[in-house]
1. Can you name the residue in segment 256-267 that is free of Cβ contacts under 8 Å to residues at least 60 places away in the same chain and polar (S, T, N, Q) and, of all such residues, is least open to solvent (accessible area, probe 1.4 Å)?
2. Residues to consider are Glu193, Glu160; find the one that is of a type outside the set (Phe, Trp, Tyr), within 28 Å of Leu15 (Cα to Cα), at pLDDT 75 or above and open to solvent by less than 70 Å² (accessible area, probe 1.4 Å).
3. Just need a number here: residues in segment 329-347 that are part of a loop (DSSP other than H, G, I, E, B), open to solvent by less than 50 Å² (accessible area, probe 1.4 Å), touching a helix residue (DSSP H, G or I) at 6+ places or on another chain (Cβ under 9 Å) and of a type outside the set (Val, Ile, Thr).
4. Among the listed residues Ile530, Ile516, Ile547, identify the single one that is hydrophobic (A, V, I, L, M, F, W, C), out of contact with any helix residue (DSSP H, G or I) (no Cβ under 9 Å at 6 or more places or on another chain), open to solvent by less than 80 Å² (accessible area, probe 1.4 Å) and more than 30 Å from Arg445 (Cβ to Cβ).
5. Testing Gly456 on (1) surrounded by 12 or more Cβ atoms within 10 Å (Cβ to Cβ); (2) modelled with pLDDT under 90; (3) touching a Gly at 6+ places or on another chain (Cβ under 7 Å); (4) not aromatic (Phe, Trp, Tyr), one condition comes back false. Which one is that?
6. Consider only pairs whose beta carbons are under 6 Å apart and that are at least six residues apart or on different chains; among these, list those whose first residue lies in segment 427-447 and is on the phi > 0 side of the Ramachandran plot and whose second residue is surrounded by 15 or more Cβ atoms within 10 Å (Cβ to Cβ) and not aromatic (Phe, Trp, Tyr).
7. For Ala298, only one of the following conditions fails: (1) touching a Cys at 6+ places or on another chain (Cβ under 7 Å); (2) within 30 Å of Arg213 (Cβ to Cβ). What is its number?
8. Just to be sure, is Ile258 among the β-branched types (Val, Ile, Thr) and touching a helix residue (DSSP H, G or I) at 6+ places or on another chain (Cβ under 7 Å)?
Amino acid sequence: MNKAKTDTQTKITMLAKCPTGIQGIDEITFGGLPQGRPVLLCGKAGCGKTLMAMEFLVRGATQFNEPGVFMAFEETAEELTENVASLGWDLAELIKEKKLAIDHIRVERSQIEETGEYDLEALFIRLGFEIDAIAAKRVVIDTLEVLFGGLDNAAIVRSELRRLFLWLKSKGVTAIITSESSDNSLTRHGLEEYVSDCVIQLDQRVVNELSTRRLQIIKYRGSKHGSNEYPFLIKENGISVLPITSVGLDYSVTNEWISSGIKRLDQMLGGKGFFRGSSILISGTAGTGKSSFSAHFADATCQRGEKCLFFVFEESPQQIIRNMRSIGIYLEAAVNHGLLKFQALRPTFYGLEMHLVNILSIVNEFQPDVVILDPISNLTFGSNDIQIKTFMMRLIDYLKSKNITTIFTNLNEGNSAFVEYTEIGVSSLADTWILLRAIESNGERNRLIHILKSRGTSHSNQVREFLLTNQGVQLLDVYLGAEGVLTGTARIVQEAKDKAAALAQQQKIEQKQRDIERKRFLMQAQIQAIEAQFEIEQKEIERLIEIEENQQSFLMAEKHKRAKLRQLDS
């Protein structure tokens, strides 16, 4: 009984939320905007206020069956309809179905003169009529500056703002009111944010000639919310906000293994490959084969019937597909079956924040099992170390939270004195780090692979040479010399020496075996001769014995005869 009473009290005190339907906003607001309350959406020109407000109404009408009213002071209904048509929103159809109403009020700021009392009663009547006509649950007023732009009396502005917000609350509608920001405050008058229950700020920054839009919830009465800055994109289907700054380290892990696509590399990694959901870093100088290893992994992923998302920042997808044919990897079939998707974009097209939002937005749409980024070192243009490390940390944590196996390639500087080093400092975040090297000896360059670390596996510590053949990456047998691993011509020479030594050893063994056979033959001949001599002597002795026995018998017979003769004589 007490438990039921407590639950009832909790439900009564909990703030009701109105889901926006805008990707990411409901997550960082923990359910949406405050239902039945006004929300202030502020920002400078071009940051996306009108678009976000319109999407709030469109999503409400199409996803939650909540009609909405858009009261515009700057753009007409026709202009708004044309502006959002590219996003796939048919405002005319929504208006026809009485799910949306757009009311344009033309106000010339030059005609506003502050005299006598100022109130918004006429606006309330007009807006109330629109709300009642379609039973609207959502309202947008765009923008406050037109209403109060000609007023300098802060007391009147504050009073009328409070009246407007209280009137919207009395109508029970969830409202978004847009407002332009000034250089030193969230809004032009510096008053709107104080009378609002929820304040969301949008801005657009240009750093190193790269533009990034960001969203921040300044305040939200009665509810917890994300307070960080969240980058967002205006995409072909609307606004996408990704709460990537809130990703933690509480993601689950699995004991499932997946193959790298290279059998001998799997053996070096403990015999099974990589853990699913882990992050793998492949680093090396230019031309060491980083993209080839990545293509092997992508091909193995698609061969298992899983989906792979391949981000490339240097080459076009067609160029990669063509180049991989030379090592026996044919990616066209996987692309045609929808298992492999390439996303090619120049690193300078976005800043780091926008790259992160774009990457994760595509990940959410495609839902891959494996993500490959080749190379991540190109994304560091115009960014400092802190921004780069923050970017990588948020990206890796987000992909791990989705149990997505990730491969990053990193280009090391050719003149770097430290081969076990990445300029972007991502090596500590990777679960497996594979280093590819090219060494010069005997007038040639040869490729080596070394597993620097692989968490949770008993991996090999051996440096091995590998070749890029028409059958893919081929890891060769290890040949050690006085100065380390032998590669290229030195390995071939050593192989020839080893074969010659093995042949000589085999010939020695065969000669010794022939000597043993000869000695065995001589021994057997001697044995046979001795046996023959023995048989001859044996027969001679047996003949002599026989003669002796015959003589003895004769003498005995003669004796008996003489005995009988004596008896007769007697």
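The values are calculated or read from the model by the stated rules, or taken from the named source; none is laboratory data. Not measured: the values here are computed from a predicted model. Neighbour counts run over all protein chains shown; Cβ positions are idealised from the backbone, glycine included. Please note that ligands, DNA and RNA were not included when accessible areas were found on the heavy atoms of the full protein model with its side chains. Shrake-Rupley method; radii C 1.70, N 1.55, O 1.52, S 1.80 Å.
1. Ser260
2. Details: Glu193 fails: at pLDDT 75 or above.
None of the others qualify; the one that does is Glu160.
3. Initially, segment 329-347 is screened for residues part of a loop (DSSP other than H, G, I, E, B), giving 329-331, 337-339, 345-346.
After this cut, where a residue has to be open to solvent by less than 50 Å² (accessible area, probe 1.4 Å) as well, the list is 329, 331, 338-339, 345.
Restricting the remaining residues to those that are touching a helix residue (DSSP H, G or I) at 6+ places or on another chain (Cβ under 9 Å) gives 329, 331, 339, 345.
Applying the additional criterion that residues be of a type outside the set (Val, Ile, Thr) yields 331, 339, 345.
Selection size over segment 329-347: 3.
4. Numbers: Ile530 fails: open to solvent by less than 80 Å² (accessible area, probe 1.4 Å); Ile516 fails: open to solvent by less than 80 Å² (accessible area, probe 1.4 Å).
Every option except Ile547 fails the conditions.
5. (3)
6. Listed pairs, sorted by first residue: Asn442/Ala490.
7. The one condition Ala298 does not meet is (2).
8. Details: among the β-branched types (Val, Ile, Thr): yes; touching a helix residue (DSSP H, G or I) at 6+ places or on another chain (Cβ under 7 Å): no.
So Ile258 does not fit the description; no.
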